[in-house]
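Reviewing the structure listed below.
The values are calculated or read from the model by the stated rules, or taken from the named source; none is laboratory data. Here the structure is a predicted model, which is why all the values come from computation and not from measurement. Reconstructed Cβ throughout: ideal geometry from the backbone, glycine too, with neighbour counts over all protein chains shown.
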Amino acid sequence: MSIMFSPSLMCMDFLNISAQIDVLNTRCDYYHVDIMDGHYVPNLALSPDFVRAISPAAKQPIDCHLMVTDPSRYIAPLKAAGAQMICPQVETITADAFRTINTIKQTGYKAGAVFNPATPISVAQYYLHLLDKITIMTVDPGFAGQPFIREMLAKIEQARSLKEKHGYHYVIEVDGACNKSTFKDLYSAGAECLVVGSSGLFDLDGNLERAWDIMTEDFRKATEGC
């Protein structure tokens, strides 16, 4: 099984955005954009304006992770800004999950859903078949650099088992503490896309090209023989 990498842009060097986008354009599979409202999580991060700013230069799909209390308010602005995938937290769409997912898909873009560590996959059992991607958080959301929650490996395995059993088409993504110390376990559990941030990519080397090479070599060594 091949692996995909999605750099978390909230962890990038904001003094060198253009140069870093140029480097990532030829290497990454998605751009992971964390949008936070300061209410659902106690932090503020990126925004539709950030998506609008990078979309002309981005050559890979922009994937927006909505850590916001009212994700429906962001769908139209993100469509106008140039996002290609919109992924709300499942905890925020329990009352209108089908309407939210269908609204995202009606824009012509892909729809995903993000699960906090304490949220079981069964919460979304009736709409898993509609999702293009599910993201399993292996840290509590809101801040970069948190410790890995190992109990989430069982959830990744469950996501893989459900996908195989029912023929679901979603990509299994993992967000949080994806680095050389966790690569082997995540890959073995069934992760198909890794969100790489402060510990997995951006703090490895001041030169992003070298950092990417270090990360991919770390992954190759960790998963060799798996």
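Return yes when V90 is more than 21 Å from K133 (Cα to Cα), β-branched (V, I, T), in contact with a helix residue (DSSP H, G or I) (Cβ under 9 Å, 6 or more places away or on another chain) and at pLDDT 95 or above and no when it is not.
no
Out of the residues in region 178-207 that are over 20 Å from R160 (Cα atoms) and either touching a strand residue (DSSP E or B) at 6+ places or on another chain (Cβ under 9 Å) or of a type in the set (V, I, T) (or both), which is surrounded by the fewest Cβ atoms within 10 Å (Cβ to Cβ)?
Only one residue tops the list, namely S198.
Check I149 against each of (1) in contact with a Pro (Cβ under 7 Å, 6 or more places away or on another chain); (2) touching a residue at least 40 places away in the same chain (Cβ under 8 Å) and name the one condition it does not meet.
In the conditions (1) in contact with a Pro (Cβ under 7 Å, 6 or more places away or on another chain); (2) touching a residue at least 40 places away in the same chain (Cβ under 8 Å), I149 misses (2) alone.
If the requirement is being over 24 Å from Q158 (Cα atoms), at pLDDT below 95 and small (G, A, S), which of these qualifies: G108, G82?
G108
Quick test of your reading of the structure: Y126 fulfils all but one of (1) more than 18 Å from the chain's Cα centre (by Cα); (2) surrounded by 19 or more Cβ atoms within 10 Å (Cβ to Cβ). Name the failing condition by number.
Only one criterion in (1) more than 18 Å from the chain's Cα centre (by Cα); (2) surrounded by 19 or more Cβ atoms within 10 Å (Cβ to Cβ) is unmet by Y126, namely (2).
Could you list, in sequence order, all residues of region 154-168 that are free of Cβ contacts under 8 Å to residues at least 40 places away in the same chain and surrounded by fewer than 22 Cβ atoms within 10 Å (Cβ to Cβ)?
Passing the criteria: A154, E157, Q158, R160, S161, K163, E164, K165, H166, G167.
Right, G145: modelled with pLDDT under 95 and either of a type outside the set (D, E, K, R) or buried (at least 21 other Cβ atoms within 10 Å of the Cβ) (or both) or not?
Judged against the criteria, G145 is a match.
So that you can scan it fast, the table gives a plain yes or no per residue for (1) in contact (Cβ under 8 Å) with a residue 40 or more places away in the chain; (2) within 30 Å of D37 (Cα to Cα); (3) assigned to a loop (DSSP other than H, G, I, E, B):
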| position | (1), (2), (3) |
| --- | --- |
| V123 | no, yes, no |
| V174 | no, yes, no |
| K180 | yes, no, yes |
| L194 | yes, yes, no |
| E209 | yes, no, no |
| A222 | yes, no, no |
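Answer yes if at least one residue in region 133-150 is at positive phi and either assigned to a loop (DSSP other than H, G, I, E, B) or within 16 Å of the chain's Cα centre (by Cα) (or both), and no otherwise.
Checked region 133-150: at least one residue is at positive phi and either assigned to a loop (DSSP other than H, G, I, E, B) or within 16 Å of the chain's Cα centre (by Cα) (or both).
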